[in-house]
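Visitor: Mind having a look at this structure? Questions to follow.
The values are calculated or read from the model by the stated rules, or taken from the named source; none is laboratory data. Keep in mind that this is a model prediction, so the values were computed, not measured. Neighbour counts run over all protein chains shown; Cβ positions are idealised from the backbone, glycine included.
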C-alpha cells in the first residue's frame, strides 16, 4: 500500500488506500503503515505525515470512532535542520479537555536486543496499565492506569547490542513524560533477567 502523493482527495479512506467497508482498526493500521514511509525520520516529510494524520482522523470521525491517542506528529526542525526538543505543550481534542503531550527521544536504553526489550516493555505495560496496540518489536501503545493516567507510545530502536526507547505521552490528568519514563524504568529494573529465554516478571519477595 502506498500513500497517495497527488492532489488531496475528499475521501479519506482513498487517501489511506482503503476501500469500502474499512473499519476503524483498518484505519489505525493504515496510519501505522503509512507513517513508516511518510515520517521525516524515514525519508518522508512533515507535509506527508500531516496528510496521513489528517486522513486517518477524518476517516475515524466518519466511522464515529474515538481517536484513543493523539496523532504522532513529525519532529519539528530548527533553521539549521536540527531537531528541536519537544519537552511538551498543550493541545485540545475536538470537543474535549486540553491534554498535555510530551516526547522524549531517546528516553532510555535497555541492554537487550529489540525483541527481548519489547518483551520486557510488554510485561511492564501490563503491570502499569493496559496495552492498546502494538507492532512487535518496535512499537507499543499503552494506557497507564494509575493516577495520573496517560496514553503513551514506546518506540524501540536497535542500538549496537541493545535498544533505545523513545517515549511519547499524552494526558489530561497532568502526567508528564519524565514521570511515565521513571515508572517504566523502575519496573524494568524489577524484572528477572536471569532466564535465557528472556525477561520474566519479578520474583516474589
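Visitor: Quick check on the range 31-51. Is at least one of its residues part of a helix (DSSP H, G or I), modelled with pLDDT of 85 or more, in contact with a helix residue (DSSP H, G or I) (Cβ under 8 Å, 6 or more places away or on another chain) and closer than 19 Å to residue 133 by Cβ?
Guide: No, that holds for no residue.
Visitor: Something else about it: Does at least one position in the range 168-175 carry a residue that is surrounded by fewer than 18 Cβ atoms within 10 Å (Cβ to Cβ), in contact (Cβ under 8 Å) with a residue 24 or more places away in the chain and in a strand (DSSP E or B)? Let's see the steps before the verdict.
Guide: Initially, the range 168-175 is screened for residues surrounded by fewer than 18 Cβ atoms within 10 Å (Cβ to Cβ), giving 172-174.
Filter once more, keeping what is in contact (Cβ under 8 Å) with a residue 24 or more places away in the chain: 172-174.
Still in the list and also in a strand (DSSP E or B): none.
Looking for residues that are surrounded by fewer than 18 Cβ atoms within 10 Å (Cβ to Cβ), in contact (Cβ under 8 Å) with a residue 24 or more places away in the chain and in a strand (DSSP E or B), one finds none in the range 168-175, hence no.
Visitor: Report, by residue number, each residue of the range 1-17 that is modelled with pLDDT of 75 or more and within 12 Å of residue 58 (Cβ to Cβ). First the steps, then the outcome.
Guide: Filtering the range 1-17 for residues modelled with pLDDT of 75 or more gives 10-17.
The answer is 10, 11, 12, 13, 14, 15, 16.
Visitor: Where residues in the range 99-151 are part of a helix (DSSP H, G or I) and in contact with a strand residue (DSSP E or B) (Cβ under 7 Å, 6 or more places away or on another chain), which of them is farthest from residue 198 (Cα to Cα)?
Guide: We begin by selecting, within the range 99-151, every residue part of a helix (DSSP H, G or I); these are 114-128.
Now drop any that are not in contact with a strand residue (DSSP E or B) (Cβ under 7 Å, 6 or more places away or on another chain), which leaves 114, 117-118, 120-122, 125, 128.
On the way: 114: 11, 117: 9, 118: 10, 120: 8, 121: 12, 122: 12, 125: 16, 128: 20 Å.
That would be 128.
Visitor: Now for a separate question. Within the bounds of the range 149-163, is there any residue that is crowded, with 21+ Cβ neighbours inside 10 Å, closer than 20 Å to residue 106 by Cβ and in contact (Cβ under 8 Å) with a residue 60 or more places away in the chain?
Guide: yes
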